[in-house]
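Have a look at the structure below before the remarks.
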């Protein structure tokens, strides 16, 4: 052993035991912190899933020790744009098939992880204090309904479902001057709840969130079913955890939570 080696060895041996223990504890904490961070799962989900998925996330964390779900809620279109631009997302849940199809075409999804996990219904709502309620879609062309809201069709699925229903009813021209578009279905809900528009198209699950401020006037048939797909993103840094989350969403406990919030079986 060289003189330098003996000096280093002697120096280490002379360190106080408490210091050595503190160093070991610190190292363990750092390792634990890294492990905890490695269990973070980023889920981008349609705005209409906000309340239900928050409950699903809590239940999933309880059933999966060490897992932490971080949600990003917005309209499906903007969420897809974020993923296309490289946002670090592990799981994507859309409110329509069209947006998920675009993600698949762009090779953003890990195959074969895509699955339809729930369904919804399009409804027409008015403020709870409204003196009159539309009895059919054609009533919206009347003078009493000056402002009607839905999501921006190009980026918000509820807007596309609404557009299909309005076209089928032959009301496209009559309602064109009345539209007030929202950036998400939740914004449309808020417009109606605050009385900023006279009626709005949202999902049934959204209408149930504000029972004291809004009322469902009509259930609106849609040509395209309102179905929700979910999939793992191909660039996910947590593929195993992403798979577990998707499996939980489609499991009996996950489906039970979704149905509690008004969603129906896929």
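The numbers here are math on the coordinates, done by the rules we state, and not lab data. The structure presented is a predicted model; accordingly, all values stated were derived computationally and were not measured. Don't worry about glycine lacking a Cβ; one is built from the backbone with ideal geometry, like all the others, and counts go over all protein chains shown.
Taking 41 Å as R0, compute the FRET efficiency from the Cβ-Cβ separation of residue 247 and residue 194 and round it to 0.05.
So the FRET efficiency works out to roughly 0.55.
Just to be sure I understand the model, the point goes 7 Å from the Cα along the line to the Cβ. What's the resulting residue 111 to residue 132 distance in nm?
5.4 nm
Quick one: helix 157-168 against the long Cα principal axis of the chain, what's the angle to the nearest 10°, folded into 0 to 90?
On a 0 to 90 degree scale, this one is about 20.
Take the Cβ-Cβ distance between residue 144 and residue 39 as r, set R0 to 51 Å, and report the resulting FRET efficiency rounded to the nearest 0.05.
0.40
Please work out which option in (1) 1.16; (2) 1.38; (3) 1.48 gives Cα Rg over 2.2 N^0.38 Å calculated from these coordinates, and answer with its label.
(2)
Which peptide among 83-95, 131-143, 172-184, 153-165 comes first, and what is the full order, when sorted by highest mean count of other Cβ atoms within 10 Å?
By packing density, highest mean first, the sequence is 153-165, 83-95, 172-184, 131-143.
Take every Cα pair under 8 Å in the chain that's 6+ residues apart, average their separations, divide by the length, and report that relative contact order as a whole percent.
28 percent
Could you rank the peptides 220-227, 198-205 by their average count of other C-beta atoms within 10 Å per residue, with the highest value first?
Ranked by mean Cβ neighbours within 10 Å, highest first: 198-205, 220-227.
Kindly express, to the nearest 10 degrees and within the range 0 to 90, the angle between helix 17-38's C-alpha long axis and the longest C-alpha principal axis of the chain.
Roughly 30 degrees between the two axes.
With axes computed from alpha carbons, what is the tilt in degrees of helix 239-250 against the longest principal axis of the chain, rounded to the nearest 10 within 0 to 90?
Helix 239-250 sits at roughly 40 degrees to that axis.
Using alpha-carbon pairs under 8 Å, 6+ residues apart, how would you state the relative contact order of the range 122-220 in percent?
48 percent
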